[in-house]
Amino acid sequence: MGAVTTASAECTRQGLLASANSYVAAITAGKLDGLKLSDSNFTYQENNKKADIKKGVLTQPLKIDLTRLTADTLLKKVGDSYLDMWADAKAPDSIPWGTDYERVEGSQLTRLCGGSLPRGGSVKNNGNRRYVIDEVIGSVDILCSFDSLGSLLDSHEVRLEGGEGQVCAYRDSLRGTLCKYVG
């Protein structure tokens with residue numbers, strides 16, 4: 001199932017929780033009436049493919065036994081900055097890197113990864129972002145298209161501990177491998 005998003009000039013915790021509540025209500029009822037969807041910049045997807053929301057799974061009532069709604073705007077911002085590094089040279093500077101943060105990429109260990117991060121260069125930003133945020137653990141996982149390197153399906157997880165980046169893991173669809181950045 002694809003993500004339903006509400007576009008906003010400023011993303012707030014209150015707005016995220018309201019969107020999540022309306023999404024859960026729509027799923028439970030099988031009705032789209034209560035969803036506040038953006039008039040522009042809205043694409044509905046099922047199975048990573050554009051679909052007609054009026055014919056999709058959201059039109060079928062689903063029983064939901066438990067819901068947990070989380071929203072952490074700092075985690076979203078750090079996750080976005082991480083994915084923006086390939087197209088925006090200043091993005092790495094906005095991430096609160098932990099002092100012991102290490103990064104493994106292409107089988108190479110890089111200590112104090114701030115000095116070896118991508119700093120722009122790509123003309124395409126990584127897009128099609130969908131977020132799973134766990135504010136209790138302090139983690140955000142972003143499902144995305146890694147467009148800066150050729151439109152690869154990708155997943156990046158960033159974890160903050162004490163307000164600093166400590167762990168990042170990614171999985172890409174090309175190699176099917178899991179790489180962990182552990183600090």
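Rule-based calculations on the coordinates, nothing more; no lab input. Because the structure is predicted, anything quoted here is derived from the model rather than measured. Neighbour counts run over all protein chains shown; Cβ positions are idealised from the backbone, glycine included.
Structural remarks
- Alpha-carbon geometry of segment 13-59: the Rg and the Dmax are 11.0, 30 Å, given in that order.
- Relative packing of 77-90, 125-138, which averages over residues the other C-beta atoms within 10 Å, highest first: 77-90, 125-138
- Computing FRET efficiency as 1/(1 + (r/R0)^6) for Gln14 and Leu149, where r is the C-beta to C-beta distance and R0 is 30 Å, gives about 0.25.
- Spin-label pair Ala89-Leu74: with each label point 7 Å from Cα along the Cα-Cβ axis, the two points sit 3.0 nm from one another.
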